[in-house]
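Asks: Here it is, the structure in full.
The values are calculated or read from the model by the stated rules, or taken from the named source; none is laboratory data. Not measured: the values here are computed from a predicted model. A quick note on method: Cβ atoms are made from the backbone with ideal geometry, for glycine too, and the neighbour counts reach across all protein chains shown.
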Amino acid sequence: MNRLVELHKLGQSFWYDNMSRHLIASGELARMVSEDGLRGMTSNPTIFEKAINGSADYDAEISELAARDLSPFEICEELMVTDIRNAADVLRPVYEESKGRDGFISLEVSPKLANDTEGTVEAAQRLWGKLNRPNVMIKIPATQAGIPAIESVIAEGINVNITMLFARENYEQVMEAYCKGLDRASAHQKKLDKIASVASLFVSRVDTLIDKMLEEMGADPALQGKAGISNARVLYRRYKEIFKGDRFDSLDSRGAQPQRLLWASTSTKNPKYRDVLYCESLIGPETVDTMPEVSVKAFKDHGVVALTLENDVDAAEKHLAALAKAGIDYKAVMQKLQDDGVQLFIQSFDTLLAALAAKRETLLAKA
């Protein structure tokens, strides 16, 4: 039994949180699709920074692009577009088989645009045009500048993966931006069944921060290690209320897809916790789990496949209330996590651009 394949039988799509040129060229990505039931992929600036700086696989293309006098930023974008487009082609059969439900690969707009609505929209349009594949998603962060950008981009019929999502209030904004975008798309006679979106909720990072705060406060240790899962379960209940309720009825009748929740940051950061804790605890229908390599291997080896996402959601609500009583400011914590997450991606992006600038000069000198 392949546990990764079994997830799909329970309604959850397994996506891979990874990207490299070798993954595609070696045939490993195609193997994962055929043998492991892989149904999609995600990427981010940190993943690309490790892939491009960690191998010579990109040197030939970097040299060619440098000879055309492209800037480090332009070279970076071209490298990422090439990888994403090629991965999309490998995943295309999944997209066709699922009728546009799965088979996606995501590419993020520059993290430096996180507080720039207009710049985000322009970048999304440019990347969507360059990729020229129906089974790609453009990643846009759920910042306050990102919310109106998400609505505008969805209205144009561009698939969107909303990233850097943590808070319940922010999730309400994300869902409403999606629905408003679909309404606008429909008004312009666009086919709603061709527009897809996921809302990427980060999980383990929530526990990493809140556990540390609880320790510093001297709070009951029993409160630790449960915030990320509790938050996800509460948001999933809200997902069902919106996408199975009156707000989405009209859009559903016009063929629109629900915006599925995607579990991001599902690797276990704390060695005290089971290494597949988050993957095992959030299995439920109409969701996506994007796993990094370490989680893929662990879950395939010893993960328990069972419907767990809706286990005692009332207890999840009570846990979040207990955290508030202990002194955890939910809204402030989630905002910090989003702000810090954006900054981490900016740092990875800057590191990548600096390395590309140096490599560009070296390769031009050899030419």
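Asks: Let me confirm something: among ILE242, ILE229, ILE210, which residue is under 27 Å from LYS99 (Cα atoms), touching a helix residue (DSSP H, G or I) at 6+ places or on another chain (Cβ under 7 Å) and not small (Gly, Ala, Ser)?
Replies: Numbers: ILE229 fails: under 27 Å from LYS99 (Cα atoms); ILE210 fails: under 27 Å from LYS99 (Cα atoms).
Just a single option satisfies the conditions, and that option is ILE242.
Asks: Is there any pair with a first residue in the range 47-58 that is under 13 Å from LEU344 (Cβ atoms) and a second that is crowded, with 21+ Cβ neighbours inside 10 Å whose Cβ atoms are under 6 Å apart and which are 6 or more apart or on different chains, and what are they?
Replies: ILE47/MET19; GLU49/LEU352
Asks: Another question about this same structure. Can you tell me which residues in the range 21-64 are in contact with a Gly (Cβ under 8 Å, 6 or more places away or on another chain) and part of a loop (DSSP other than H, G, I, E, B)?
Replies: Going through the range 21-64, the residues in contact with a Gly (Cβ under 8 Å, 6 or more places away or on another chain) turn out to be 39-40.
ARG39, the sole residue that qualifies.
Asks: Which count do you get for residues in the range 29-59 that are acidic (Asp, Glu) and either on the phi > 0 side of the Ramachandran plot or surrounded by 15 or more Cβ atoms within 10 Å (Cβ to Cβ) (or both)? Explain how you work it out, then say what you get.
Replies: Pass one, the range 29-59, residues acidic (Asp, Glu): 35-36, 49, 57, 59.
Checking the rest, the ones that are also either on the phi > 0 side of the Ramachandran plot or surrounded by 15 or more Cβ atoms within 10 Å (Cβ to Cβ) (or both) come to 36, 49, 57.
Number of matching residues: 3.
Asks: Only residues that are under 16 Å from the mean Cα position of the chain (by Cα) and either crowded, with 23+ Cβ neighbours inside 10 Å or of a type in the set (Gly, Ala, Ser) (or both): list them for the range 144-157, please. Full working, then the answer.
Replies: From the range 144-157, those under 16 Å from the mean Cα position of the chain (by Cα) are 146-147, 150; that's our starting set.
Passing the criteria: GLY146, ILE150.
Asks: Hey, any hits in the range 223-230 for a residue that's assigned to a helix (DSSP H, G or I) and polar (S, T, N, Q)?
Replies: Within the range 223-230 (the criterion being assigned to a helix (DSSP H, G or I) and polar (S, T, N, Q)), the answer is yes, since at least one residue qualifies.
Asks: Testing ASP312 on (1) closer than 27 Å to LEU214 by Cα; (2) modelled with pLDDT of 95 or more, one condition comes back false. Which one is that?
Replies: Unmet condition: (2).
Asks: Yes or no: ASP339 under 30 Å from GLU74 (Cα atoms), of a type outside the set (Gly, Ala, Ser) and either assigned to a loop (DSSP other than H, G, I, E, B) or without any contact (Cβ under 8 Å) to a residue 60 or more places away in the chain (or both)?
Replies: Details: under 30 Å from GLU74 (Cα atoms): yes; of a type outside the set (Gly, Ala, Ser): yes; either assigned to a loop (DSSP other than H, G, I, E, B) or without any contact (Cβ under 8 Å) to a residue 60 or more places away in the chain (or both): yes.
The answer is yes for ASP339.
Asks: Within the bounds of the range 193-201, is there any residue that is without any contact (Cβ under 8 Å) to a residue 24 or more places away in the chain and out of contact with any Lys or Arg (no Cβ under 8 Å at 6 or more places or on another chain)?
Replies: Within the range 193-201 (the criterion being without any contact (Cβ under 8 Å) to a residue 24 or more places away in the chain and out of contact with any Lys or Arg (no Cβ under 8 Å at 6 or more places or on another chain)), the answer is no, since none of the residues qualifies.
Asks: Given THR268, THR308, THR290, which one is in contact (Cβ under 8 Å) with a residue 60 or more places away in the chain, part of a loop (DSSP other than H, G, I, E, B) and either surrounded by 16 or more Cβ atoms within 10 Å (Cβ to Cβ) or β-branched (Val, Ile, Thr) (or both)?
Replies: Working: THR308 fails: in contact (Cβ under 8 Å) with a residue 60 or more places away in the chain; THR290 fails: part of a loop (DSSP other than H, G, I, E, B).
Selected residue: THR268, the only one of THR268, THR308, THR290 that is in contact (Cβ under 8 Å) with a residue 60 or more places away in the chain, part of a loop (DSSP other than H, G, I, E, B) and either surrounded by 16 or more Cβ atoms within 10 Å (Cβ to Cβ) or β-branched (Val, Ile, Thr) (or both).
Asks: Would you check if GLU317 is touching a helix residue (DSSP H, G or I) at 6+ places or on another chain (Cβ under 9 Å), over 19 Å from LYS212 (Cα atoms) and part of a loop (DSSP other than H, G, I, E, B)?
Replies: Numbers: touching a helix residue (DSSP H, G or I) at 6+ places or on another chain (Cβ under 9 Å): yes; over 19 Å from LYS212 (Cα atoms): yes; part of a loop (DSSP other than H, G, I, E, B): no.
Here the answer is no, as GLU317 does not meet what is asked.
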